[in-house]
Amino acid sequence: MQTYMADILMKGCSVTYYLIVLILQGRVSKTGICLHHTNRPEHKIKFYNNDESFIVQSARTSVDNMHCGYLDLLLLHRPDPLMDPKAVSKAFDFLQKEGLVRHFGVSNFTPSQYRMLSSYLPPSVPSLVTNQIKMSPAHVSALFDGSLDMMMEARVRPMVYSPLRVLFGKDAHEDLVSYLRTICSEIRDRMLSSSLPLQSSSSLSTTSTTTSSIDIDTVALAWLMRHPSGPLPVIGTSKPHRVATAADATLLVPHIDRQTWFKILQAERGHEVA
């Protein structure tokens, strides 16, 4: 899925993302953040802009730079305190009728902001199709702040960004990573003793027939997807083997039983549920 963030990454910058569960070829763009950058000398500070003209121009820029006729999805990247929902509605209506954007969503919106904007949508845009939120086994606030509840209320699946960031690098949650490795071994043992072989094109097919370990990122993603809201983790990578490994998480979800799921939650929070 090709992603271009017209006003965020500046002209000429693009990145490849993959929505696991639905690995698809699509064109997605974000709009709403104006960066202070040498490519934008008129921007003296970083600020938000969800005005009608800005949304329309951002979408046009993305279409031009990706050399495509339309966007599959346009996201308002951040809630703008000065956002006029009537202006956003007009922009969405124009882009839909012009055939420039097929679907619309938001990113980092609170439940109340999502409902408010939804109430202003034009007839040409029946509903927002997603809210992209931050969530991982080491960042679980969405479980308790109403974000996922609101998605289920709206019958919409959330996109989840940074689902693995805190598992690797300088931001790694070492205790959680260590515990996930233990969980990997437990799940592997259960899978090996299962009478139902797991078919896969990559790492899990090997795991189901040998003693190879399951990748912790696969378990972390499966933990996310175990939630009934059906989160769609967004993986930022250009490495095919990372995509294949991540895709295996869809097959691992049935092996994340309730106790395993709560063990991972407990490892992040540092205490058991009340």
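For the stretch 63-83, how many residues are open to solvent by less than 20 Å² (accessible area, probe 1.4 Å), within 19 Å of C34 (Cβ to Cβ) and out of contact with any Gly (no Cβ under 8 Å at 6 or more places or on another chain)?
0
Return the residue satisfying two criteria in turn: it lies in the stretch 228-243 and is open to solvent by less than 20 Å² (accessible area, probe 1.4 Å) and part of a loop (DSSP other than H, G, I, E, B), and of such residues it is farthest from W261 (Cα to Cα).
T237
Of all residues in the stretch 158-208, how many are in a loop (DSSP other than H, G, I, E, B), at pLDDT 65 or above and not aliphatic (A, V, I, L, M)?
6
Being free of Cβ contacts under 8 Å to residues at least 60 places away in the same chain, closer than 30 Å to I216 by Cβ and in contact with a helix residue (DSSP H, G or I) (Cβ under 7 Å, 6 or more places away or on another chain) is the filter here, so list the residues in the stretch 111-138 that pass it.
Within the stretch 111-138, N131, I133 meet the criteria.
Among the residues that make up the stretch 120-129, is at least one of them of a type outside the set (A, V, I, L, M) and in contact with an Asp or Glu (Cβ under 6 Å, 6 or more places away or on another chain)?
Yes.
Would you point out the residue of the stretch 26-57, among those that are in a loop (DSSP other than H, G, I, E, B) and in contact with a helix residue (DSSP H, G or I) (Cβ under 7 Å, 6 or more places away or on another chain), that is surrounded by the most Cβ atoms within 10 Å (Cβ to Cβ)?
If we take residues in the stretch 26-57 being in a loop (DSSP other than H, G, I, E, B) and in contact with a helix residue (DSSP H, G or I) (Cβ under 7 Å, 6 or more places away or on another chain), then N50 is surrounded by the most Cβ atoms within 10 Å (Cβ to Cβ).
What are the residues in the stretch 75-103 that are closer than 16 Å to L117 by Cα and of a type in the set (G, A, S), if any?
A87, S89, A91
Quick check, is D149 charged (D, E, K, R), farther than 20 Å from V28 by Cβ and modelled with pLDDT of 95 or more?
Considered against the rule, which asks whether it is charged (D, E, K, R), farther than 20 Å from V28 by Cβ and modelled with pLDDT of 95 or more, D149 comes out as yes.
Look through the stretch 244-262, keep the residues that are surrounded by fewer than 19 Cβ atoms within 10 Å (Cβ to Cβ) and of a type in the set (D, E, K, R), and return whichever of them is modelled with the lowest pLDDT.
D257
Taking the stretch 139-170 as the region of interest, how many residues are hydroxyl-bearing (S, T, Y) and closer than 16 Å to R115 by Cα?
Number of matching residues: 1.
Quick check on my filter: what residues within the stretch 72-96 are in a loop (DSSP other than H, G, I, E, B) and of a type in the set (A, V, I, L, M)?
Correct list: L82, M83.
The values are calculated or read from the model by the stated rules, or taken from the named source; none is laboratory data. Being a predicted model, the structure only gives us computed values, none of them experimental. With ideal geometry, Cβ positions are generated from the backbone for all residues, glycine too; neighbour counts draw on all protein chains shown. In case anyone asks, the SASA skips ligands and DNA or RNA and just uses the protein heavy atoms, side chains included. Shrake-Rupley method; radii C 1.70, N 1.55, O 1.52, S 1.80 Å.
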